[in-house]
Amino acid sequence: MTWETVIGLEIHSQLKTKSKIFSGASTAFGAKANTQACAVDLGYPGVLPVLNQEAVKMALRFGLSVNATINKHSIFARKNYFYPDLPKGYQISQFEIPIVGNGVIDISLENGENKIVGITRAHLEEDAGKSIHDMYDEYTAIDLNRAGTPLLEIVSEPDMSSAKEAVAYAKKIHALVQYIDICDGNMQEGSFRCDANVSVRKHGDKLGTRAELKNINSFKFLEKAINLEVERQIDILEEGGSVVQETRLYDSIKNETRSMRSKEEANDYRYFPDPDLLPVVVSDELLLDIKKSLPELPTEKKLRFVDKLGLSAYDAEILTSQKEVADYFETIINKGADAKLSANWVMGELSAALNKNQVEINNSPISSNELFVLISRITDNTISGKIAKDVFKLMWEGNGSVDEIIEKQGLKQMTDSSALESIIDDIISNNLSQVKQFKDGNSKLLGFFVGQVMKATQGKANPKQVNQILNEKLS
Amino acid sequence: MMHNLTIAEQIKGLKNRDFSSLELTQHYLNRIDNSNLNAFISVTSDQAINQAKMADSILAKGNAASLTGIPYAHKDIFCTKGIKTSAGSKMLDSFISPYDATLSDKLNSQNMVMLGKTNMDEFAMGSSNENSYYGPVKNPWDTKKVPGGSSGGSAAAVASRISPFATGTDTGGSIRQPASLCGITGLKPTYGRISRYGMIAYASSLDQAGPMTRTAEDSAIILNAMAGFDSKDSTSANISVPDYTQNLSKSLKGLKIGLPKEYFSEGLDKGVEKVVMNAINDYEAMGAKIIEVSLPNSIHAIPAYYIVAPCECSSNLSRFDGVRYGYRCGDPKDLNDLYLRSRSEGFGDEVKRRIMIGAYALSAGYYDAYYLKAQKVRQLISEDFKVAFKEVDVVMGPVSPTAAFDLGSVKDPVSMYLADIYTLSVNLAGLPGMSIPAGFSDNLPVGLQLIGNHWSEELLLNTAHQFQMVTDWHNASPVE
Amino acid sequence: MSLDKNKVKEIAFLARLSIQDSELEQSTQELNNILGLMDQLGEIDTGDAEPMAHPLEMSQRLREDQVTEDDLSEEFHEIAPKTGNNHFLVPTVIE
């Protein structure tokens, strides 16, 4: 009795335009309630929508990034329903003919394999306002600042078969929309919202009834909610019951999903083309312009890192998953730093320090330029890799530039061969029994000698040279 | 008497200091006060006086716009900032608009004088002005009769000379039909000619504003001020505005006039037909050529319109929910109660009927059979006109099957709808149409309809004006 | 297509309109009369005509992405039926 899970995701991505999709009110987050809702947003009698060109361009950027069909003539339609945070009593959305059609995106699974997930469509629509239920006992308070903010609704094919795959897909889209600079991806602020359509079936059966999960604002919760829902559905079906098609809210505190009342009660949306808007026509020139303006996409970048820079697929995946990280990394190697060494530093020390201190890479106290200098000092043998880690810590705490710290702390590597030779000669002459043991075959003792050299030089001797000279003198 | 002057004459009078805008305005305000036609919902006397004084000071400086100081009546469907805008409905009885419609703004910027907001069928739904929350409007020619609708207040005001002109809106005939029933000149321009921003929407793809005046010349003067592209209205056409007064006097010799045979069948009152045919004869005498044309799909205009319009309006009127403005029921128990009672108490019967029809026609399973089918029929109707306009320059016919009927005499909604037969096609095709006074039947005015191709307002006004040069119907008045 | 009273109630709720039971009979009749008019559409052969959503052959104009609106919330709230703490208020909604 093995159950298969079928998951499709609907992602609402708030587009980072300055003004709303159909009006000139601001979309800036955090304003005092209802100060960014103009007459058009409030649905006063007689107001009319006019389409924001940036929203169209952003939708096209997305479409081109997922190799989607672009519908050169798309239509805005009204989705009619009553809710207090929907001022006009309808949401302007796209129904039969969305601006972006079928596309694809590939995701990396945990086992390292790739999977292709289909994107059914992506369409433009306006966001609703916010309903606040706990401000008053007898009232629900409505803030319409958010009403009219442009959304790109990205609908996936039901191609995912586990919560982990769904999360991988969501993360990929999350990274992509930030990469192409159409969304700030801030899930806490609600600029990136995932709804999951989940159903189960026995292998070979047709698709089961699905439930829609809403109110999920983190990837962690997405995984939990989906797994909970799969369990719930399987339990129902195994007891002979049937799954109801409904919308369920995820409660992260109680870690459960519950059915949503009234809002989704048998809603007949009565879609029809919005007569206040005309067909959106996209020219070939516009598409070409947008294509040219797209940055190198994560998939292409990853390939380049592997092919041209010789990085492993795993490393390339990590370095390209977030645009800011990729940009940081590329600044370093574009200055000429060694790719592998740079990758290790970015993914290692830097990443650890950022995580530990809960800092985003954009706010890193060590800039990419400074890290470049540090890496260069390793490559040019000024300091060893081990010492570099100490320097890194001091840089992080704001103790000056790489060179300043090396100078002040006297951390310069000893590379003077003659000086090293004389120190090594001293150590050899003071440790004759170990020398004899080494020459007799105890090759592990090399470490002892290296240790002695390091002690004598306070760690500043260049390990490679030390090894070389020791091997010469002890042979 | 000042009120018997046309706008063209009043403009001259103001320029020549024969009278001031203040005198003109006060004259009209007095007449409005003494009128019992119920043509106005709000009379903005204080503001009008102030506007007139302002206009006079600008006129004195000599740098006035063409319409500075001219008074007008504004249909209560246009938002006017700081002033009650009711759309003839209890739903908006308390609504003081926080913004100006583009049209209101345009007229204000010429320093015109707004006398008040005129009565209308609620949310522009009706053909008799009997559907207003503020009571019916009376026809100045016979106060037991309807003035037509939905711009009944505007038509009655102009006909009874209590305003030199009025703004109207036309979705299925709401300028042309009341113009016909009240004996004045009404023009619905091409869809997209005048901005819809701030004009409370009934059926978005059909609604269009237009001037209601006594003469075609006045209509041209006003159209100059009303027309133009508006960036706030996505359906506004970015087409330049010619000077509509320039070619009014061109000769009509050789003008090809099409008479649709479908417009002259049974159902058309004999008296009305006679007036229309006499007018056609007058055109022939002016050198026009009369050609029979056919608009075979025009009979389907009624079902097509009475699906498209209700569908669009059912959605347009969803915003009236008692939440952000307008009527809210007392002590709503919960959200649904708020919606149900605010809307049921706020809307009149005809509005509720059309909302229900629209909601039904758009609902799951019916969209294809109704809305989509109606839009296909719309295409056919539009094509009929395209074919006709290959043969003729202007199409003419009656506006309404009868002259004005008794108040309260038509109770059945469907009968009311059927009377729109001659005007609906024009809106469905987005074409410009006019009604001009053409005579009387049983002492009641009868209008002649002129329909032109897209953007042919100049030709229509010219055609109308020349008729008014050889006939006197437009000068007839029900009052002194 | 004929509507029965239940369907009429359904449609009314969809449009958030309430019909009193005393009016239901008349409303149903009126609506059915109007529908009779609309049903004439079914008999028309529209061939391969495309549905016409707009009378003019125009495409959607695009607006520049600029903030052009000021904060008029004070004026807006003045004409609102019920507000509190800068919010519009409605009876509590349970989700």
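The values are calculated or read from the model by the stated rules, or taken from the named source; none is laboratory data. Computed from a predicted structure; not experimentally measured. Neighbour counts are summed over all protein chains in view; Cβ atoms, including those assigned to glycine, are modelled from backbone coordinates with ideal geometry.
When you scan the stretch A:88-95, do you find a residue that is touching a residue at least 24 places away in the same chain (Cβ under 8 Å), away from chain B (no Cβ under 14 Å), out of contact with any Lys or Arg (no Cβ under 8 Å at 6 or more places or on another chain) and at positive phi, even just one?
no
From the residues in the stretch C:70-82 that are more than 7 Å from every other protein chain (Cβ to nearest Cβ) and assigned to a helix (DSSP H, G or I), which one is nearest to the chain's Cα centre (by Cα)?
For the stretch C:70-82, the residue satisfying everything is C:His77.
Among the residues of the stretch C:65-74, how many are out of contact with any strand residue (DSSP E or B) (no Cβ under 8 Å at 6 or more places or on another chain) and surrounded by fewer than 14 Cβ atoms within 10 Å (Cβ to Cβ)?
2
Within the stretch B:308-338, how many residues turn out to be assigned to a loop (DSSP other than H, G, I, E, B), of a type in the set (A, V, I, L, M, F, W, C) and in contact with a Lys or Arg (Cβ under 8 Å, 6 or more places away or on another chain)?
Going through the stretch B:308-338, the residues assigned to a loop (DSSP other than H, G, I, E, B) turn out to be B:320-334.
Going one step further and asking which of them are of a type in the set (A, V, I, L, M, F, W, C), we end up with B:320, B:323, B:329.
Still in the list and also in contact with a Lys or Arg (Cβ under 8 Å, 6 or more places away or on another chain): B:320, B:329.
Residues flagged as assigned to a loop (DSSP other than H, G, I, E, B), of a type in the set (A, V, I, L, M, F, W, C) and in contact with a Lys or Arg (Cβ under 8 Å, 6 or more places away or on another chain) within the stretch B:308-338 amount to 2.
If you check C:Gln26, C:Gln60, which single one turns out to be surrounded by fewer than 19 Cβ atoms within 10 Å (Cβ to Cβ) and either of a type in the set (S, T, N, Q) or more than 9 Å from chain B (Cβ to nearest Cβ) (or both)?
Numbers: C:Gln60 fails: surrounded by fewer than 19 Cβ atoms within 10 Å (Cβ to Cβ).
Testing whether each residue is surrounded by fewer than 19 Cβ atoms within 10 Å (Cβ to Cβ) and either of a type in the set (S, T, N, Q) or more than 9 Å from chain B (Cβ to nearest Cβ) (or both) leaves just C:Gln26.
Quickly run through the stretch A:117-149 and pick out the residues that are under 21 Å from the mean Cα position of the chain (by Cα) and buried (at least 22 other Cβ atoms within 10 Å of the Cβ).
A:Val117, A:Ile119, A:Ala122
Whether any residue in the stretch B:314-325 is in contact (Cβ under 8 Å) with a residue 40 or more places away in the chain, surrounded by 15 or more Cβ atoms within 10 Å (Cβ to Cβ) and more than 10 Å from every other protein chain (Cβ to nearest Cβ) is what I want to check. Before the answer, list the steps.
Within the stretch B:314-325, the subset in contact (Cβ under 8 Å) with a residue 40 or more places away in the chain is B:314-317, B:320, B:325.
If we keep only those that are surrounded by 15 or more Cβ atoms within 10 Å (Cβ to Cβ) too, we end up with B:314-317, B:320, B:325.
In the following step, the residues that additionally are more than 10 Å from every other protein chain (Cβ to nearest Cβ) were identified as none.
No; the residues of the stretch B:314-325 include none that is in contact (Cβ under 8 Å) with a residue 40 or more places away in the chain, surrounded by 15 or more Cβ atoms within 10 Å (Cβ to Cβ) and more than 10 Å from every other protein chain (Cβ to nearest Cβ).
Failed condition for A:Glu285, given (1) under 30 Å from B:Gln375 (Cα atoms); (2) at pLDDT 95 or above; (3) of a type outside the set (Ser, Thr, Tyr), with all others met?
(1)
Is there any pair with a first residue in the stretch A:365-393 that is touching a residue at least 60 places away in the same chain (Cβ under 8 Å) and within 11 Å of A:Glu349 (Cα to Cα) and a second that is in a loop (DSSP other than H, G, I, E, B) and charged (D, E, K, R) whose Cβ atoms are under 9 Å apart and which are 6 or more apart or on different chains, and what are they?
So the pair list comes out empty.
Would you point out which residue out of A:Val66, A:Val117, A:Val100, A:Val104 is β-branched (Val, Ile, Thr) and either touching a Lys or Arg at 6+ places or on another chain (Cβ under 7 Å) or at the interface with another protein chain (Cβ under 8 Å from one of its Cβ atoms) (or both)? Outline the logic, then answer.
Working: A:Val66 fails: either touching a Lys or Arg at 6+ places or on another chain (Cβ under 7 Å) or at the interface with another protein chain (Cβ under 8 Å from one of its Cβ atoms) (or both); A:Val117 fails: either touching a Lys or Arg at 6+ places or on another chain (Cβ under 7 Å) or at the interface with another protein chain (Cβ under 8 Å from one of its Cβ atoms) (or both); A:Val104 fails: either touching a Lys or Arg at 6+ places or on another chain (Cβ under 7 Å) or at the interface with another protein chain (Cβ under 8 Å from one of its Cβ atoms) (or both).
A:Val100 is the lone residue from the list that is β-branched (Val, Ile, Thr) and either touching a Lys or Arg at 6+ places or on another chain (Cβ under 7 Å) or at the interface with another protein chain (Cβ under 8 Å from one of its Cβ atoms) (or both).
Residue under question is B:Ser57, and the condition is that it be in a loop (DSSP other than H, G, I, E, B) and either at pLDDT 95 or above or polar (S, T, N, Q) (or both); does it hold? Even if it seems obvious, please write down each step before you answer.
Working: in a loop (DSSP other than H, G, I, E, B): no; either at pLDDT 95 or above or polar (S, T, N, Q) (or both): yes.
Answer is no for this residue.
This table checks each residue for (1) assigned to a loop (DSSP other than H, G, I, E, B); (2) β-branched (Val, Ile, Thr); (3) touching a helix residue (DSSP H, G or I) at 6+ places or on another chain (Cβ under 8 Å).
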site	(1), (2), (3)
B:His3	no, no, yes
B:Ile11	no, yes, yes
B:Leu22	no, no, yes
B:Leu29	no, no, yes
B:Gln47	no, no, no
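Hey, does the stretch B:434-454 have a residue that's free of Cβ contacts under 8 Å to residues at least 12 places away in the same chain and in contact with a helix residue (DSSP H, G or I) (Cβ under 8 Å, 6 or more places away or on another chain)?
Going residue by residue through the stretch B:434-454, those that are free of Cβ contacts under 8 Å to residues at least 12 places away in the same chain are none.
No - not one qualifying residue is present in the stretch B:434-454.
Which is farther than 19 Å from A:Glu157 by Cα, surrounded by fewer than 24 Cβ atoms within 10 Å (Cβ to Cβ) and in contact with a Ser or Thr (Cβ under 6 Å, 6 or more places away or on another chain), of A:Gly24, A:Gly8? Before you say what the answer is, go through the steps one by one.
Working: A:Gly8 fails: farther than 19 Å from A:Glu157 by Cα.
On inspection, the qualifying residue turns out to be A:Gly24.
Can you tell me which residue within the stretch B:190-210, out of those that are of a type in the set (A, V, I, L, M, F, W, C) and either out of contact with any strand residue (DSSP E or B) (no Cβ under 8 Å at 6 or more places or on another chain) or more than 21 Å from B:Ser127 (Cβ to Cβ) (or both), is farthest from the other protein chains (Cβ to nearest Cβ)? Spell out how you get there, then give the answer.
Filtering the stretch B:190-210 down to residues of a type in the set (A, V, I, L, M, F, W, C) leaves B:194, B:199-201, B:203, B:206, B:209.
Right, trim to either out of contact with any strand residue (DSSP E or B) (no Cβ under 8 Å at 6 or more places or on another chain) or more than 21 Å from B:Ser127 (Cβ to Cβ) (or both) and you get B:194, B:201, B:203, B:206.
Details: B:Ile194: 13, B:Ala201: 7, B:Ala203: 8, B:Leu206: 8 Å.
For the stretch B:190-210, the residue satisfying everything is B:Ile194.
Looking only at strands (runs of 3 or more DSSP E) that lie completely in the stretch A:90-206, which have at least 2 residues being over 30 Å from A:Val244 (Cα atoms) and among the polar types (S, T, N, Q)? Before you say what the answer is, go through the steps one by one.
Numbers: elements: A:90-93, A:103-108, A:114-126, A:130-132, A:139-143, A:150-156, A:192-202.
The strands (runs of 3 or more DSSP E) meeting that bar number zero.
Scan the stretch B:334-357 for residues that are within 7 Å of another protein chain (Cβ to nearest Cβ), among the hydrophobic types (A, V, I, L, M, F, W, C) and within 26 Å of the chain's Cα centre (by Cα) and jot them down.
B:Ile355, B:Met356, B:Ile357
In the stretch B:4-24, how many residues are within 23 Å of the chain's Cα centre (by Cα) and either of a type in the set (S, T, N, Q) or modelled with pLDDT under 95 (or both)?
Number satisfying all stated conditions: 3.
Please identify the pairs in which a residue from the stretch B:456-480 that is β-branched (Val, Ile, Thr) has its Cβ atom under 6 Å from the Cβ atom of a residue that is in a loop (DSSP other than H, G, I, E, B), counting only partners at least 6 apart or on another chain.
B:Val479/B:Ser160; B:Val479/B:Arg161
Out of all the residues in the stretch B:358-393, which are surrounded by fewer than 24 Cβ atoms within 10 Å (Cβ to Cβ), more than 10 Å from chain C (Cβ to nearest Cβ) and either among the polar types (S, T, N, Q) or closer than 30 Å to B:Cys182 by Cβ (or both)?
Those that are surrounded by fewer than 24 Cβ atoms within 10 Å (Cβ to Cβ), more than 10 Å from chain C (Cβ to nearest Cβ) and either among the polar types (S, T, N, Q) or closer than 30 Å to B:Cys182 by Cβ (or both): B:Asp384, B:Ala388, B:Phe389, B:Val392, B:Asp393.
Could you list all residues from the stretch B:64-84 that are under 21 Å from B:Phe123 (Cα atoms) and part of a loop (DSSP other than H, G, I, E, B)?
B:Asp76, B:Ile77, B:Cys79, B:Thr80, B:Lys81, B:Gly82, B:Ile83
Please verify whether A:Val243 is away from chain B (no Cβ under 14 Å), crowded, with 17+ Cβ neighbours inside 10 Å and at pLDDT below 95, treating the condition exactly as stated. Give the derivation first.
Values: away from chain B (no Cβ under 14 Å): yes; crowded, with 17+ Cβ neighbours inside 10 Å: yes; at pLDDT below 95: yes.
Yes: the conditions hold for A:Val243.
Considering each residue of the stretch A:27-40, count those that are facing chain C (nearest Cβ under 10 Å), surrounded by fewer than 22 Cβ atoms within 10 Å (Cβ to Cβ), out of contact with any helix residue (DSSP H, G or I) (no Cβ under 7 Å at 6 or more places or on another chain) and touching a residue at least 40 places away in the same chain (Cβ under 8 Å), and give that number.
Counting residues in the stretch A:27-40 that are facing chain C (nearest Cβ under 10 Å), surrounded by fewer than 22 Cβ atoms within 10 Å (Cβ to Cβ), out of contact with any helix residue (DSSP H, G or I) (no Cβ under 7 Å at 6 or more places or on another chain) and touching a residue at least 40 places away in the same chain (Cβ under 8 Å) gives 2.
Residues B:Gly168, B:Gly173: which one is under 8 Å from the mean Cα position of the chain (by Cα), more than 14 Å from chain A (Cβ to nearest Cβ), part of a loop (DSSP other than H, G, I, E, B) and modelled with pLDDT of 95 or more?
Working: B:Gly168 fails: part of a loop (DSSP other than H, G, I, E, B).
The unique qualifying residue is B:Gly173.
Given the structure, is C:Asp4 more than 7 Å from chain B (Cβ to nearest Cβ), farther than 30 Å from A:Asn34 by Cβ and of a type in the set (Asp, Glu)? Let's see the steps before the verdict.
Working: more than 7 Å from chain B (Cβ to nearest Cβ): yes; farther than 30 Å from A:Asn34 by Cβ: yes; of a type in the set (Asp, Glu): yes.
The answer is yes for C:Asp4.
For the stretch C:83-91, check the following and say yes or no: at least one residue is within 7 Å of another protein chain (Cβ to nearest Cβ), buried (at least 16 other Cβ atoms within 10 Å of the Cβ) and assigned to a loop (DSSP other than H, G, I, E, B). Reasoning before the result, please.
Step one: of the stretch C:83-91, the residues within 7 Å of another protein chain (Cβ to nearest Cβ) are C:84-91.
Cutting the leftovers down to buried (at least 16 other Cβ atoms within 10 Å of the Cβ) gives us C:87-91.
Add one more test, that the residue is assigned to a loop (DSSP other than H, G, I, E, B), and what stays is none.
The answer is no; no qualifying residue exists.
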